[in-house]
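The next block holds one structure in the form of structure tokens; read it before the comments.
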Amino acid sequence: MKAAVIAVGNEVLFGDTVNTNGAFVAAELTAAKVQMVLQTVVPDQISQLVAAISQARRVADLVVLIGGLGPTVDDITRQAIADATGCPLQLDPTALADVERYFAERRRPMSQSNRQQALVPVGGQALANQRGTAPGLWLEVDSQVVVALPGPPIELAPMFRETVLPRLRQRLEGGRQVIWLRTSGIGESTLQDMLGDLLTTTNPSVLPYAKLGEVHLRILADAASQPAAEQMAAQRLAAVMALIGPYVYGQGDVSLESVLLDRLRQRQQTVAVSESATGGLISARLSDPAGASQVFLGGSIVYTASAKVHFGALDAGELRRHGPVSAWAAEELAHSVRHQLDATWGLASCGWAGPEADGEVGLAYTAVAGSAGVTWREHRLGHNRHDVRHRLAQAALWHLYQVLDEAE
């Protein structure tokens with residue numbers, strides 16, 4: 001099956017909104033053994049959208065449209081599908097009841113314009129939206145499938161995974177298994193050297209994707225059946241892990257901070273943070289996953305030397321002697337915040353983010369303090385301020401991850 005994805009909306013075309021939906025749908029289709037042949041963005045102009053749908057239907061068996069299903073005048077996706085396929089719109093009573101129920105449950109009045117969200121091309125079906133007012137659409141015409149999904153990601157992703165993908169899989173032959181690995185503490189070039197010939201095979205394939213402070217690996221296996229594809233992918237996964245296992249912190253759609261919090265929660269341990277150059281990035285990441293308060297106790301942003309003295313409880317004389325960016329400063333901050341908040345672990349960072357700095361831009365230190373003592377690491381993270389700060393946050397979390405590994 002070949003697929004085309006069309007994102008609809010001026011805000012996407014002009015760059016006001018990043019097209020993360022298109023990336024999500026393309027990745028999910030690829031994982032389901034659907035061949036992506038076209039992806040485009042179209043403005044809120046019905047003539048251009050009709051032309052885009054017609055072009056997509058000439059090259060693809062599946063056309064997925066994203067956005068333009070709302071109640072306003074610039075929500076043109078339904079009408080464009082009707083015009084491009086020759087299937088006129090009609091009111092779907094079930095879809096209308098779903099829209100009315102959405103407003104009733106929230107005790108909000110429903111506008112007359114919301115009725116248009118229940119319009120469906122003749123021969124098509126509305127896809128229930130449990131998280132918003134706009135139903136999706138599924139239309140089979142001329143041996144092709146046209147799918148329309150709502151724009152908000154919180155609505156699109158569940159509808160695609162729970163409703164659209166199961167229907168598509170009924171049409172697909174063979175099996176495909178995709179495994180994503182997340183690594184940290186290693187660069188892409190070093191990772192490629194370690195994996196060697198595994199990167200040259202085509203089925204299963206192993207492809208690295210460099211991210212800021214991380215490298216993600218995709219293992220993809222195709223076979224005549226899904227069980228066979230899963231077995232091939234599992235064998236390749238074992239081979240990859242044998243080479244780079246210490247750098248792999250998770251599998252699938254996980255973050256380093258969520259893995260850390262899960263490990264600490266299982267051990268009934270806690271962490272507190274004292275950070276300087278990262279300016280709260282470490283704390284923001286640790287507090288993002290649900291249930292973080294069970295593990296992450298809090299901390300402080302000690303951005304200046306005076307803050308390190310007053311909030312970090314560092315000795316002013318020693319701070320002047322060693323410097324605010326030093327292994328000593330990182331160690332003392334980690335010790336201090338651990339004792340201040342009575343945490344199992346204290347995590348600290350300091351560094352020169354630049355562009356103007358009293359020391360070498362990109363030079364940074366992390367430290368982790370526990371009951372058995374403290375460890376520190378020196379990092380050189382480049383010269384771009386944004387990258388230095390985010391790489392340092394990643395380095396601090398990875399430092400803690402490795403200390404937890406050693407403590408097992």
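Just so it is clear, none of the values below were taken in a lab; they were calculated from the coordinates. Everything quoted here is computed from the prediction, not taken from an experiment. Ideal geometry is used to build each Cβ from the backbone, glycine not excepted, and the neighbour counts take in all protein chains shown.
Side notes on the structure shown:
- Under 5 Å, built H, 5+ apart or other chain: amide partners of Val141: Val146
- With the simple model of a label 7 Å out from the Cα in the direction of the Cβ, Glu162 to His386 spans 3.5 nm.
- Whole-Hz couplings from phi, Karplus 6.51/-1.76/1.60, listed for region 369-375; x for Gly and Pro: 10, x, 5, 8, x, 9, 10
- Ordering Thr278, Thr72, Thr202, Thr40 by the number of other Cβ atoms within 10 Å of each residue's own Cβ, fewest first, gives Thr202, Thr72, Thr40, Thr278.
- Whole-number percent relative contact order across region 2-169, with pairs defined as alpha carbons under 8 Å at least 6 apart: 22
- With Cα atoms defining each centre, region 28-43 and region 238-313 are spaced 35 Å apart in the structure.
- Calculated from backbone phi, Karplus (6.51, -1.76, 1.60) coupling profile of region 36-44 in Hz, x at Gly/Pro: 6, 10, 7, 9, 8, 10, 10, x, 7
- Chain lengthening between Glu360 and Thr201 when straightened (0.36 nm per residue, less Cα-Cα): 53.0 nm
- Reachable aspartates and glutamates, given that their alpha-carbon falls under 18 Å from the alpha-carbon of Lys308 and they are not under 8 places away in the same chain: Glu275, Glu318, Glu331, Glu332, Asp358
- Each peptide in 22-34, 58-70, 170-182, 388-400 gets a packing score, the mean of other Cβ atoms within 10 Å over its residues, and the list from highest to lowest is 388-400, 58-70, 22-34, 170-182.
- Spin-label model, Asp61/Glu406: points 7 Å from Cα along the beta carbon direction are separated by 5.4 nm.
- Relative contact order of region 267-407, pairs being alpha-carbon contacts under 8 Å that are 6 or more residues apart, as %: 24
- The slack in the chain from Arg169 to Gln48, taken as 0.36 nm per residue of separation less the alpha-carbon distance, amounts to 40.5 nm.
- Euclidean distance of C-alpha centroids, region 350-408 and region 191-209, integer Å: 29
- Overall form of region 143-249 per C-alpha gyration tensor (a/c, 1.5; a/b vs b/c): oblate
- Taking amide H as placed 1.01 Å from N in the peptide plane, the amide H of Leu65 sits under 5 Å from that of Ile6, Val147, Ala148, Leu149, each at least 5 places away or on another chain.
- Sites Lys2 and Ser111, calculated FRET efficiency, Cβ-Cβ separation with R0 41 Å, nearest 0.05: 0.60
- Residue by residue, region 129-137 carries 3J(HN,Hα) couplings of 10, 7, 10, x, 8, 8, x, x, 9 Hz when phi is fed to the Karplus relation 6.51 cos²θ - 1.76 cosθ + 1.60 (θ = phi - 60°); x denotes Gly or Pro.
- Taking a straight Cα-Cα cut-off under 22 Å and skipping sequence neighbours fewer than 8 places away in the same chain, no lysines fall within cross-link reach of Lys211.
- Here is the size of region 2-169 from its Cα atoms: Rg then Dmax, 14.8, 45 Å.
- Computed log₁₀ I(q)/I(0) - Debye formula, equal Cα scatterers, no solvent, the chain, q 0.11, 0.13, 0.14 Å⁻¹: -0.95, -1.09, -1.14
- Antiparallel content of DSSP bridges confined to region 2-169, in %, to 5: 40
- By the rule of a C-alpha distance below 27 Å, with chain neighbours fewer than 8 residues away ignored, the lysines paired with Lys2 are Lys33.
- Structural descriptor for the chain: relative contact order 10 percent, calculated from alpha carbon pairs under 8 angstrom and at least 6 residues apart.
- Gyration tensor (alpha-carbon) shape descriptor, region 165-310, a/c threshold 1.5: prolate
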